[in-house]
Every structure is written in C-alpha cells, then in structure tokens.
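The values are calculated or read from the model by the stated rules, or taken from the named source; none is laboratory data. For clarity, every value in this text was computed on a predicted model and none was experimentally measured. Glycine gets a Cβ as well: all are built from the backbone with ideal geometry, and neighbour counts include every protein chain shown. Surface accessibility is based on the protein's heavy atoms, side chains included, excluding ligands, DNA and RNA. Shrake-Rupley method; radii C 1.70, N 1.55, O 1.52, S 1.80 Å.
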There are 2 protein chains.
Amino acid sequence: MRVVDLIRRKRDSGELTRDEIEELIAAYTRGDIPDYQMSAWLMAVVLRGMRPPEIAALTEAMLNSGTVLDFSGMPGRKVGKHSTGGVGDKPSLVIAPIVAAGGVKVPMISGRGLGHTGGTLDKLEAIPGFNVNLSLADFQRVLETCGCAMIGQTAEIAPADKKIYALRDVTGTVESPALICASIMSKKLAEGIDALVLDVKTGSGAFMKNIEDAANLAELLVETGKRKGKNVVALLTDMNQPLGRKVGNSMEVAESIEILIGAGPADLRELCLELAAWMFFLGERVKTVEEGKILAADLITSGHALEKFREIVDLQGGDVRVLDDPRRLGHARQTLGVTSPTEGFITGTQCEQLGVACVVLGGGREKKDDKIDPTVGIDFHKRIGDAVERGEPLCTLHYNAATRLDEARRLVETAYRIEPEKPQTIPPLIHRVIGA
Amino acid sequence: MRVVDLIRRKRDSGELTRDEIEELIAAYTRGDIPDYQMSAWLMAVVLRGMRPPEIAALTEAMLNSGTVLDFSGMPGRKVGKHSTGGVGDKPSLVIAPIVAAGGVKVPMISGRGLGHTGGTLDKLEAIPGFNVNLSLADFQRVLETCGCAMIGQTAEIAPADKKIYALRDVTGTVESPALICASIMSKKLAEGIDALVLDVKTGSGAFMKNIEDAANLAELLVETGKRKGKNVVALLTDMNQPLGRKVGNSMEVAESIEILIGAGPADLRELCLELAAWMFFLGERVKTVEEGKILAADLITSGHALEKFREIVDLQGGDVRVLDDPRRLGHARQTLGVTSPTEGFITGTQCEQLGVACVVLGGGREKKDDKIDPTVGIDFHKRIGDAVERGEPLCTLHYNAATRLDEARRLVETAYRIEPEKPQTIPPLIHRVIGA
C-alpha cells in the first residue's frame, strides 16, 4: 500500500476498501505514516466524503486500535448515551442516575468542553473530589456496584481517535460527517454497550447549525451503530437557545440536581425524561417509550434517582454534601446583569455566541491547556418567545476576573434577536427521532 | 493569523488575501508552520482551486522566498524557456545554443526527470563531466561569457517551492493548475529573464492529458508571467507520442546533436525551430516569428548553433568530444526489438507507458535517490499514421540489466494502438499558441 495512492484516490472521489482503511489507521496509530500525509487524506475526506461502508470500516479500525470493553458477563442491559454538544447541555448528569436507578446499566465515557460547548467531564469535576480518571478496572467496579460510572477517554480507548482528533483540530478537518461519526462511534462502541441513545443537536448553538446536516449525521451514526449490531436511536433536538437556564460548570451541576429533586426548568426536565425513556426502551426495561417516561418521572418523584446520583458521586470520590447543599459547589464573586436594549419579543439567539461568552469568562478553554474556572457562568432569564421591556435583565453574568468581562457582555448583548412581534413558532424541543 | 483559519477558508472555497498568502509561505519556509497544516491547505487548494490574484500572490511569495536574479546590467535581452514535461522531450538542449548563437541570452534553470518524463538536467549529465550544479556566480559568469548557461535549482532559488514541492509529491497534491503554475513561475521568474517561452504539453504522454486542461494551465502561466511584467507566450504542443525517435538520456543527447548538425527527425527539428523562433521574437531579435524560424535554421546550417553548444559544454566542464563522436556518450550493452503483433496502422500510443518503460529499464527514477543509467533507452521506428506489418519492429529497447526487461517490453507492446484503417487525422505538432 502506498499512502500517496490512497490520498490521491480519495482526492479523486474514489472509494477505499476496508483493508486499506484498516491498514491506514493502524499504520498511522503506530507512527508509520507521518501527520502530513494523514492531514492531506483527512482534507480529501472532508471535501469528497466517504460512503457508508467506508465510514463503518473507519469506525471499526479506530475502535479496534484500542481496548473494546466487554460487559456481557455482567447481568442486565447496558445502554450508552451521547450528545453532539451544545450550550447548557447537561442531561447526561441527570439521565445517568435516573436510568441506573431504573435498573439499566449506564457505562459512560464522556468528553470535555469543545469550542463553545461544555463537556460532561468538566461539569463532573465541578463537584469537589469527583474523579473522572478511573482505570478501566475501577470503571467496571463502579459500574457493577451502582449501575453507572462516568469517566473520560482513557489511553486504552480508541487511541487512533485521540491521535486523529488532535490532528483534525489544527488542520481544519473537524467538519466532516464521516469523521465526526467515526470519532463518536469508535468511542461509544468501546463502552461495552448493547444499545445507544444519541442526542444530535441542531441550531445556532450546535456544531450542525442546519437541521438537514444534523439529520444526515444522525442517520450516519445510527446506521454505523446498527452495522455493529447495536440498537441505536438518535433524537434530533433543538439548540437554538441554551438548554435550561444555566451555563457554566458548577451552575449546571446545581441545575441538574434541581431536576433530580423534581424541580428545575421545564425544557431541561422534558428532554431528560425523553432521553431516559428511550434508554429504558432500548434497555428493554419498558415496552414503550411512554412507559419509560413515566418510569423516569417516578424515579425522580420517589427520590431514587437522586440517591443513585449520590452513590455515583460517592464511589467516584466526590463530595456528596453538594447534593443537599449546592452552595458547596462554590460560586463566582461578582455578577453583572445584561439588560435588553429595547422592548419586544425574543425571536432567536446566536446561541454559539452565548457559549463563547461563558468560555471568555473562564468557564471553558480557548487553548488545550487552559484551566477552567468552574464557578463562572451565565444565568438566563428569558427564552425565545418571551416578552421583554427595555432595560429588563436578559441574563446575569457570574464572574471572578473583570479582565474580559466587557468582551463577554458584548457577546451576550449582541446574541439576542428582539423584534416587535411575538414569534409565530417556537422551535420544538425535539425535532424528530431517527432510527426508531 | 491562525493557520487553521486559512485552511478552513480555502476548504470552504474562500479566497486568501495577498498578505495572508505571503505570511503563510514565509512562515512555512521558516519552519514555523508544520508540514501537516501545509499539506491540509494544499489539498484544499487542489480541490477548491485558487483565483488568479491568489495564484499571482502565491507565485510571488515563493519567488521572493529566495534569490531573484537580476541580469539587467548585462547587455542584451534574456529569454527563458520551460517545458511542462513529456517523453523524448529534448528541445531545451537544441534551442538554448541556437538562441544564444543568435545573440539572445538564455539563462536556464532546469529540472530532473519526474514520473514518466525525462529532465534536462539528467540529459545534460549524460555528457561526461557536464556540471549542472554551478553556483549562481558561476551561472552568471557562463551566461556572460557565451550567452547561455544551464543549471539546476540551487538552494538560493525559490526555497519555498523546493520545500512545498517535496511535500506535494508525497501528499497527492501535485495535480493542481494553481500549484503547478506557482511552482513553475516562481523558478522561472527568478532566472532574471525579460521574456519566457513555455512549451505546454498535452496528450497521453503529458501530465495534462486533456487539451482543455493544458490550455487552462497555459493561460494561467501566461497571465501570471504578464502580471509580473514579463512577455510570455505558451505553445500548446502535442505529446501523444514521443518527441523525436529516441528516449533515454544519452540517446537524447545524441539526437539533439543530430538536430544541431542539420539532421535528425523532422518533428523534433520543427518544434525546436518554432520554439527558438518565438524566443528570438520575444527577445526582440527579429520582427516576426517567421523571421525567427529562418534565423534559427540558418544558425544550424552555418554550424554556429553547434559551436555554441560546444562552448556551453566546455564552460560547464563537459567533454566536448561527444559533439564530434556521440559514441563517447556510451551505449547500453544489449538491445531487444519489439515487433508488431498485427498488421495495420498506428493510430495512437499510450505515451506515458512508453516513458515508464524507459524508467523501468533504469533511465529514470522511481524513488528520489535512484541512480539513473544514462545509456539505456528506446529507439522508436514508427510514428502515428505509419503502416506496420505483423512482426515488423516497432522499436528497439537498449538495456544493460535484464532484470525488468520483460516488464519494459510488456509496457511497450501494449502501448501501441494498431488498427486496420489509416487514421484520418494525425495530431498536429503545435495545437495553438497562447498569449501571443
């Protein structure tokens, strides 16, 4: 195999065989193919695309570059969950304990914040002591003990993805449905799951702004999972405004606890119940998704979900007292209200900008090694469709350092579209379900 | 400037500014941009293209990465010549002495064989002692002394091109008119020339198989040269069969000497006269191209062209006795005739395959460090339109090692298209002239 021939073939819209893709990924992971050839091939993939069999082969090659967990010896169904990322996107923290409390196992390998979006690992680490860096043996032990464990990608899981992702990030080759699909599914299929529920976000705060692009990605993900014998559905959900009311790591943990005690904002609760219901359904715990939703709501009302979260936090070394007193999560020292410059109705938001504002306050990373301040964030008071008066607060910034406060405020101020007429339609929480 | 933003912009079909291109090339040449980012950008350029102002900026950035020769203090016009490469493509060896003998200076920076094509430097080195590695000071001295000097790209000339070319070669990013144009013109514009005649080949033995692709490249080259204030024309010439009768370095030198003594095959002589005529015309030595052609023919008849070649060879350290006795160039030990499997007319050749056959015999390189055997080659007895009997020799292979003889023979045997009817049209030597 001459790598340059594979690059040229993809450049000319040709197809690679399964063997060629396997050899390419294996040789790159071993260090036998230089980065400059891989990046040229990745750019050709971005611009020429890949056909489903190629995507399946790429996913498997990346999956098989590392350890593939096998929990088939452990009783019960194991169901995974993955979101493509958004602003205020915290359902994992809520769903994992609900579903585990209902008797379906949830082995969860999560990611960190990426660009303007938050990451489950960063949120969990806002809980003092919470350790997301368990060994795979400890991951299995916690999963066996309480039905759920939440960790980051270890060196053993899909090392090819880790290496390729780092290269894509600096070579403008992130935005490819084929590469996104292979990256997500190679990690998810390594989790030792029987089924998977995907939350594919679309809208101004998602990576896929356009609903058709998101639907295409969702279909690719579902098809790739099904080819590997997994039961997979994807919910195409709205990300045209932040999910829930809070963005920022500690603030999002607090809001997740609110949902687990039966309170919290309606949109977040609704999406959590839907996602949990699908996990119960694919986990064969219930006969219908409706039944799953009722089960999820019951597990909140009974307090079992919150108790399960307490168990997880405890087993992973976190301070369980934050569940009873979220103030223990800490808070930023200063706040600043951002008010509406005009009266009217909120008809839309530049949601990505709102996510960037939180990063600018210190709640996310601009460079790989940036340290996150878990206590900063934004509290949103208005949603699309709401009326606002001139001078009425749209949201409150929570910050510690004033260094980049102006920049964050400007980002937030210019992110709202306010018009005289009430919008005729408000984006639905869930656009459609793919793969059901 | 974030490199990844430039990569993304080109990926999304956007345009780069002159400043951005300058900074990109300068930083890459300095080593401040890694190969993996450059190769991703190059692939995006291959697939998205560049607009003429971008190509001009890229050419200038590469040109200005090194020394730009200035011979304006030297009396007389300086005219360059460049061919995009073909099989048996030897006119440079013939034209340079003709034009210099006519009083127009020819500073020539040439290349080596690439893929299935030969290179002027490799041919010159078939002359014992001929040194193509002159310093720029010696290049100037030889040019001043005899009106022509022929060398390879030095470290000082367009180092950006050297570095980018090496990367393109291994990342499948050679085939881009924009990149080819910038690579050629950055070297040619460094030669200190007033004008340039381009021989853009098209056909089965050229890099541009398709005449429209070749015409587009020719137009780009002409436009890019004119933007820099040079007088440039491009002759779009046929490469559907080898030029002349001989392919292989020593054999091509011998055939070039034949032309200089007034003999040799008609097609090669005709193209040499045409190219020389255009160089005389752009060099303001004659009023019309026709006049230039007569002058070129006269310089052959009078023996001045051959004498000029003797001077050049002598000044560059070569053995001038080969001009009087080409057997001193050496010859391969063995020959093998390849005969026609059928009777009919030659209606076409897979000319690239004929070039590869010569490489396989040892006359070219498959890897960068391969050593060339200058004595091997192929002597062609038939041209498109010729009648052949079954068993009649089509060509003769000249070889030293039998190791890959079968492979070469098969390549040659299958390269001829022989049909019962005489072809109605024979490809013209020159398809058109662009930029005149």
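Applying the set (1) out of contact with any strand residue (DSSP E or B) (no Cβ under 7 Å at 6 or more places or on another chain); (2) part of a loop (DSSP other than H, G, I, E, B); (3) surrounded by fewer than 21 Cβ atoms within 10 Å (Cβ to Cβ) to A:ILE180 leaves exactly one unmet item: (2). When B:LYS162 is tested against the conditions (1) within 14 Å of chain A (Cβ to nearest Cβ); (2) without any contact (Cβ under 8 Å) to a residue 40 or more places away in the chain; (3) buried (at least 16 other Cβ atoms within 10 Å of the Cβ), the lone failure is (1). Of all residues in the stretch A:199-223, exactly one satisfies the criterion of being without any contact (Cβ under 8 Å) to a residue 12 or more places away in the chain and assigned to a helix (DSSP H, G or I), namely A:GLU212. Within the stretch A:395-430, the set of residues being open to solvent by 60 Å² or more (accessible area, probe 1.4 Å), touching a residue at least 12 places away in the same chain (Cβ under 8 Å) and of a type outside the set (Gly, Ala, Ser) comprises A:ARG404, A:GLU407, A:ARG409, A:GLU413, A:THR414, A:ARG417, A:GLU419, A:PRO420, A:GLU421, A:LYS422, A:ILE426, A:PRO428. Looking across the stretch B:12-52, the residues that are at the interface with another protein chain (Cβ under 8 Å from one of its Cβ atoms) and either open to solvent by 10 Å² or more (accessible area, probe 1.4 Å) or touching a residue at least 40 places away in the same chain (Cβ under 8 Å) (or both) come down to B:PRO34, B:ASP35, B:TYR36, B:GLN37, B:MET38, B:SER39, B:LEU42, B:MET43, B:VAL46, B:LEU47, B:ARG48.
Listed by first and then second residue, the pairs with beta-carbon distance under 7 Å, at least 6 apart or on different chains, first residue in the stretch A:167-178 and more than 8 Å from chain B (Cβ to nearest Cβ), second assigned to a loop (DSSP other than H, G, I, E, B) and open to solvent by 10 Å² or more (accessible area, probe 1.4 Å), are A:ARG168/A:VAL174; A:ALA178/A:GLY49; A:ALA178/A:MET50. Checking each residue in the stretch B:224-238 for being assigned to a helix (DSSP H, G or I) and surrounded by 18 or more Cβ atoms within 10 Å (Cβ to Cβ) picks out B:THR224, B:GLY225. A residue that is open to solvent by 20 Å² or more (accessible area, probe 1.4 Å) and either over 30 Å from A:GLY330 (Cβ atoms) or within 14 Å of chain B (Cβ to nearest Cβ) (or both) cannot be found anywhere in the stretch A:122-130.
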